[in-house]
Amino acid sequence: MHGRSSRLLVLAATVALIATACAGQGGATTAPTAAPTTAPAESAAPTAAPAESGAPSASAEAGVLPASCLNDYKGTEITLLLNQHPWTDGMTPFAKEFEDLTGIKTNVQSFSEDLYFDKMEQTVRAAQGTADVYFLPMDSTGYSQFGAGAIEPLTPYLNDPNKTSASYDLADFPNGFLEPGTYPPGDAAAQLYGIPISFETYILFYNKDLVDKYLGGKVPATMDELTAAAQKITDEAGKDGIYGAVMRGIRSDTIMDTLSGVVFDAWGPDPAPPPYGLWFDGGWDKPRLTDPKIIAGLTNYAKMVKAGPPNALAIDWPDANTLFSQGKAAFFIDASLFGPSYEDPNASQVAGKVGYAVLPPVTAGGPSLTGHWLWGLGIPKNAPHKDAAWCFIQWATSKDLTARIGASTGGAPRMSAYNDPNYTGKLNPAYITTVSEAMKTSRTTVVFRENWKDGALAIVDLMLAIEQGQDPAAAAAKQNDVLKAAVAQ
């Protein structure tokens, strides 16, 4: 559950080309570290690869759309239920292109995020449908809607050559980006229910001036070096209001996505497939907070929190982001989507001074791993015009539109966008390099479990206990029992 926090920041600064993110687990460059050489083994890709049919895509003019989308739904009006988000802002100027190609009219209904979640739930669970396409949180929210039978599976559309162009190329999305929308999680017969439109992954931001001043310009090459460097800067400059790190340190489930990214880095390339993911060993009755790699990852996060300001345990993303953008912290691990805002001199005091890197690996030259959270598009089960809705989703998530819309979010979820000047030309090259590398081994931070908040807090409390100086192994043993009890409720 990724806190809706960072998504709201992005929303507030859309004008400044900031990007966005959804809720505690349940709601997004130079000197990047070397790219990992292998992606972590995970569950197989969802059975939603579009069939190769020999049928040409509708026409060169139409690009990704099949003939059915161009000819069969003229005059149909579809309702788009959307969050007021940079993706929505980026898509809206192009909507007329879709209407001109297909003859399908679009009725955009967008709501601020604090209102959107309630509106979404009311709409998709209603007896009578009113929305055809909606902004889908690809996390436990989407999973809960799947469990209620409220979402239309997209696999049948993807596998039908009359409904999906052979050029759509679902494999252009990293498999780890499709997993959060694939239900039931881990089932061989799982289907895809959402197509990604924007994501955040967890990377390292650093202040080049502070790294030059206190570290001789050397960016830490390992996580141990990073935590030591952050503490060194705080020890030397904390009295002057300059800190080695700033992190989300508040006791809240909204820190879980960033926390999970750091723990994934320590976990390494070993599998952690859905539905149990990182925190459970193949069953909800088998929490593994006592695993040495998980303890190591939580300890790394705790050390970064400890290297922060005196009020580190009261800091959530808004204060952390503000401190970093004011030049008061050397390092910040958080959502990639914060990056574009740091390059805007009207919104940031560190414009032109920010470095971007994938999370430092456990060992120098080793793999860097992280986590991610996504927004997607879905079709409610009660949608009045499902086929026309799929035409819109197929168009809006095509390679071309993903790149063009992504320039407004900084979180394009297709790999091809990172070679498309419509996307790369609008963003810092180092940011683009780092995020594209992080995508290759990023894994979902979602925990597919109802009422996960208490479980998330059991993990947060373990990190905080370590930060406060408790013995990590003893604290882990205690919180392992707390986590087991929390998910058993």
Projected area averaged over all directions for the convex hull of the alpha carbon atoms of the stretch 266-337, nm², comes out at 6.4 nm²
Expressed in angstrom and rounded, the centroid-to-centroid distance over alpha carbons for the stretch 247-267 and the stretch 424-454 is 13 Å
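Could you tell me the calculated FRET efficiency between residue 426 and residue 96, based on Cβ-Cβ distance and R0 = 25 angstrom, to the nearest 0.05? Please report the intermediate quantities before stating the final value.
Details: r = 21 Å, r/R0 = 0.84.
Approximately 0.75, to the nearest 0.05.
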Toward the positive end of the charge dipole of the chain, about the Cα centre and with charges on Cβ (Lys, Arg +1; Asp, Glu -1), which of 474, 439, 193 goes farthest?
474
Among 289, 70, 313, 483, what is the fewest-to-most ranking by other Cβ atoms within 10 Å?
313, 70, 289, 483
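Between residue 126 and residue 169, what FRET efficiency comes out of the Förster formula 1/(1 + (r/R0)^6) with R0 = 45 Å and r the beta carbon distance, rounded to 0.05? List each step's numbers first, then the result.
Details: r = 34 Å, r/R0 = 0.76.
Computed FRET efficiency for residue 169 and residue 126: 0.85.
Return a whole-number percent for the relative contact order of the stretch 322-461, with Cα pairs under 8 Å and 6 or more residues apart as the contact set.
25 percent
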Once the dipole of the stretch 294-378 is set up with Lys and Arg at +1 and Asp and Glu at -1 on Cβ about the Cα centre, which of 302, 354, 333 lies farthest towards its positive end?
302
Charge dipole magnitude, Cβ of K and R +1, D and E -1 - the stretch 364-489, Cα centre, debye nearest 20:
440 debye
Taking 7 Å along the Cα-to-C-beta vector as the label spot, tell me the residue 209-residue 71 distance in nanometres, rounded to one decimal.
6.3 nm
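If you take the Cα Rg of the stretch 292-379 and divide it by 2.2 N^0.38 Å, with N the number of residues, what do you get?
Compactness ratio reported: 1.26.
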Mind listing the long-range amide H neighbours of residue 195? Cut-off is under 5 Å, sequence gap 5 or more, other chains count too, H placed in the peptide plane at 1.01 Å from N.
377
Share of pairwise Cα separations in the stretch 126-266, more than 26 Å, in percent
48 percent
List the pair-distance distribution P(r) of the chain, using every Cα-Cα distance, as the percent of pairs falling in each 10 Å bin from 0 up to the bin containing the longest distance, rounded to whole percents.
4, 21, 32, 25, 13, 4, 0
Take each of the peptides 84-93, 341-350, average the number of other beta-carbon atoms within 10 Å over its residues, and list them starting from the highest.
84-93, 341-350
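No value in this document is a laboratory result; all are computed from the given coordinates. Predicted, not measured: the structure shown is a model, and the values here were computed from it. Note that each Cβ is placed from the backbone with ideal geometry, even for glycine, and that neighbours are counted across all protein chains shown.
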